[in-house]
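Q: I am attaching a structure below and will ask some questions about it afterwards.
The values are calculated or read from the model by the stated rules, or taken from the named source; none is laboratory data. Every value quoted in this text rests on a predicted model; they were computed, and no experiment measured them. Because the Cβ atoms are built from the backbone with ideal geometry, glycine has one as well, and the counts that use them run over all protein chains shown. To get the accessible areas, we keep the full protein, side chains included, count just its heavy atoms, and leave off ligands, DNA and RNA. Shrake-Rupley method; radii C 1.70, N 1.55, O 1.52, S 1.80 Å.
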Amino acid sequence: MIEPEVHRDQEVWSAIQSELQRQEDQLELIASENHASREVIDAMGTVLTNKYAEGYPGRRYYGGCEHVDTVEDLARNRARSLFGSERANAQPHSGTQANMGALMALCSPRDKVLGMSLDHGGHLSHGHPKNFSGVFYDFHSYGVNKSTERIDMDEVRDLARSVRPRVLLAGASAYSRTIDFAAFAEIAREVDAHFMVDMAHIAGLVAGGQHPSPVPHADVVTMTTHKTLRGPRGGLIVCTKDWIKQINSAIFPGGQGGPLMHVIAAKAIALQEASQPEFAAYQANVVENARVLAETLVERGFRIVSGGTDNHVMLVDVGSRGITGADAEDALHAVDLTCNKNLIPYDERPPMQASGIRLGTAAITTRGLGSAECARLGGWIADVLTNPGVASVAARVRGEVAEVARAFPIYA
Ligand code: DSN
C-alpha cells in the first residue's frame, strides 16, 4: 500500500476531519445514510482512481486493465451471488444513473412508465418533471391509499390496466411497509409491461433476509450501495440474462463513460461483507430498532404514517402536532440528531416545509445502538418536538445524545 503522506491541503483536510467529528458526535437518522467500514473507505482512496477502463472486463477500450478486470469481476460475481441474480452490472455511479440505465434498456423515450409518486414516497428518478425520467419518459404515478397509507395493489392494478405502461416500476425512498413484489410482477405480466424494481433503500434488508427479494420477480433491479447495504456511494444493477446486454450498453456507452474502479473495488468489499452472518444479524437489529423507535414515538402521541414500520424507515407526522417538518429537522439538528423533513402522503404543506420527518435506523445500528438506546432516542425526539424553543430541554437532550454518541464510536 502507499503510505499516507502528510496532507498539504489543510483547507480540504480540515473540513474532512470536521465531517468525521460531526458523524461521531451526531446520531445519524437520515434513512438513506450509513457508516461504511474502514475497508470500504480505504478502497476508495487507492490508485484504482487513476485507471480508465471504459468497457467491461475482457472488452475494454484501454490497455492495462488486467487488475481492474479482476476487481470488477469480483464485484459482479459477488452481487450475483448475494442477490441470487443471473447477471449484474457494478458500474452505475449512483442510484439515479442505475435507473437511467434500466429505463434506457427497458423502454424508449416517451414510452409510458408507471411508478410511485414522489409525494407519496417515490423517488426523483421515478418521473419527477425536472429529472431525466420525467423529461424523457411519459411517467404515470400510483400513490398510497388515503386511509391505510399503504400501497393498494388493487389500485395499482386498475391504474396499470388503464395506463398500459411499457414499464411497471416498484420501489420507494420513503415507504415503511413491505412491498409485495410478487403482486407487482403479476400486474406487470397482465398488462404486458416489463417489471423494474428500485430497491435502493432496502437492498441491505433484502441481502440480510429482512425483506422479500424482488430478484425472482423482476426483469431488472436497481439499487444504491451506500444505504442499508452499507457500501460506498454508488449504484448497482442486477437482472436476468435476457436483459444484461441492453443494461450493459445502456450504462456504457449509454449514460456513462469510464467506470469508477476505486468505487467498484469498494462495492466488491461491501458485497462480501453483506454476505456474512453478522450482516444478517445487523439487518435484523436495524428492523427491530426501527420498530422500537416507532412504538416509542406512538406512545408519546406522535402519528407514524401507516401506523408503523416493517423496515428501517418511518415517516413521523409532526404537522399534526403543530410543527412543520422543516422546523422539526432544525430542532433535532440543534440537539445533534440528524434527520430530514419529508412530505407525508396527501401533505398540504410545500416540500420545503413538509408535515413530516423521515427517520431511519441503519446508521445508528451500525454504530451499535440497540433497542434500549432506541427507546431513549424516541423519548428525546418527543421531548424536543413537544417543547420547541425550550432551552433547558434542548440542553439536557443534547447532553444525553453526546453521552450515547461517545459510548458508541463509529471508527474508533
Ligand atoms: N436521496 C436519497 C434518499 O434520501 O432517499 C434517495 O436517492
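Q: Right, A160: small (G, A, S), more than 16 Å from the ligand (Cβ to nearest atom) and either more than 17 Å from H120 (Cβ to Cβ) or over 25 Å from the mean Cα position of the chain (by Cα) (or both) or not?
A: So A160 fits the description; yes.
Q: Residues P388, P409: which one is open to solvent by 40 Å² or more (accessible area, probe 1.4 Å) and either in contact with a strand residue (DSSP E or B) (Cβ under 7 Å, 6 or more places away or on another chain) or at pLDDT below 95 (or both)?
A: Result of the check over P388, P409: P388.
Q: Shifting gears a bit: Considering only the range 89-130, state which residues are away from the ligand (no atom under 16 Å from the Cβ) and either of a type in the set (A, V, I, L, M, F, W, C) or closer than 13 Å to T224 by Cα (or both).
A: Those that are away from the ligand (no atom under 16 Å from the Cβ) and either of a type in the set (A, V, I, L, M, F, W, C) or closer than 13 Å to T224 by Cα (or both): N89, A90, Q91, M104, A105, L106, C107, V113, L114.
Q: Regarding the range 196-206, can at least one residue be identified that is in a strand (DSSP E or B) and open to solvent by less than 10 Å² (accessible area, probe 1.4 Å)? Please lay out each step first, then the result.
A: At the first step, the residues of the range 196-206 found to be in a strand (DSSP E or B) are 196-198.
Narrowing further to those that are open to solvent by less than 10 Å² (accessible area, probe 1.4 Å): 196-197.
Yes, there is a match, as at least one residue in the range 196-206 is in a strand (DSSP E or B) and open to solvent by less than 10 Å² (accessible area, probe 1.4 Å).
Q: Could you check how many residues of the range 114-137 are among the hydrophobic types (A, V, I, L, M, F, W, C), surrounded by 17 or more Cβ atoms within 10 Å (Cβ to Cβ) and either in a loop (DSSP other than H, G, I, E, B) or under 15 Å from the mean Cα position of the chain (by Cα) (or both)?
A: Final tally of qualifying residues: 1.
Q: Right, here's the next one. Within the range 260-338, which helices (runs of 4 or more DSSP H) (wholly inside it) include 1 or more residues that are among the aromatic types (F, W, Y)?
A: Working: elements: 261-274, 277-299, 325-333.
The helices (runs of 4 or more DSSP H) meeting that bar are 277-299.
Q: Starting from the range 27-48, take each residue that is in contact (Cβ under 8 Å) with a residue 40 or more places away in the chain and list its partners that are within 16 Å of the ligand (Cβ to nearest atom) and among the charged types (D, E, K, R), counting only C-beta distances under 7 angstrom and pairs at least six apart or across chains.
A: A31/R358; S32/K227; N34/K227; N34/R230; A36/R230
Q: Looking at (1) open to solvent by 50 Å² or more (accessible area, probe 1.4 Å); (2) more than 18 Å from P165 (Cα to Cα); (3) away from the ligand (no atom under 16 Å from the Cβ), which is the only condition S141 fails?
A: Exception for S141: condition (2).
Q: Something else: V238 passes all but one of (1) assigned to a helix (DSSP H, G or I); (2) buried (at least 18 other Cβ atoms within 10 Å of the Cβ); (3) within 20 Å of the chain's Cα centre (by Cα); which number fails?
A: Evaluating V238 over (1) assigned to a helix (DSSP H, G or I); (2) buried (at least 18 other Cβ atoms within 10 Å of the Cβ); (3) within 20 Å of the chain's Cα centre (by Cα) leaves (1) as the failure.
Q: Return yes when A79 is more than 19 Å from G254 (Cβ to Cβ) and more than 16 Å from the ligand (Cβ to nearest atom) and no when it is not.
A: Judged against the criteria, A79 is a match.
Q: I've got another one for you. Among the residues of the range 243-259, is there at least one that is at pLDDT 95 or above, closer than 13 Å to A75 by Cβ, touching a Lys or Arg at 6+ places or on another chain (Cβ under 8 Å) and not basic (K, R)?
A: no
Q: Failed condition for T46, given (1) in contact with a His (Cβ under 7 Å, 6 or more places away or on another chain); (2) among the hydroxyl-bearing types (S, T, Y); (3) closer than 19 Å to I364 by Cβ, with all others met?
A: Only one criterion is unmet by T46, namely (3).
Q: Would you check which residues across the range 215-233 are under 18 Å from A174 (Cβ atoms) and either away from the ligand (no atom under 16 Å from the Cβ) or open to solvent by less than 10 Å² (accessible area, probe 1.4 Å) (or both) and list them?
A: Across the range 215-233, the qualifying residues are T222, M223, T224, T228, L229.
Q: If you take the residues of the range 163-195 that are closer than 17 Å to M104 by Cα, open to solvent by less than 20 Å² (accessible area, probe 1.4 Å) and assigned to a loop (DSSP other than H, G, I, E, B), which of them is farthest from the ligand (Cβ to nearest atom)?
A: A193
Q: When G368 is evaluated against the numbered criteria (1) touching a Phe, Trp or Tyr at 6+ places or on another chain (Cβ under 7 Å); (2) assigned to a helix (DSSP H, G or I); (3) surrounded by fewer than 16 Cβ atoms within 10 Å (Cβ to Cβ), which criterion, by number, is the only one it fails?
A: (2)
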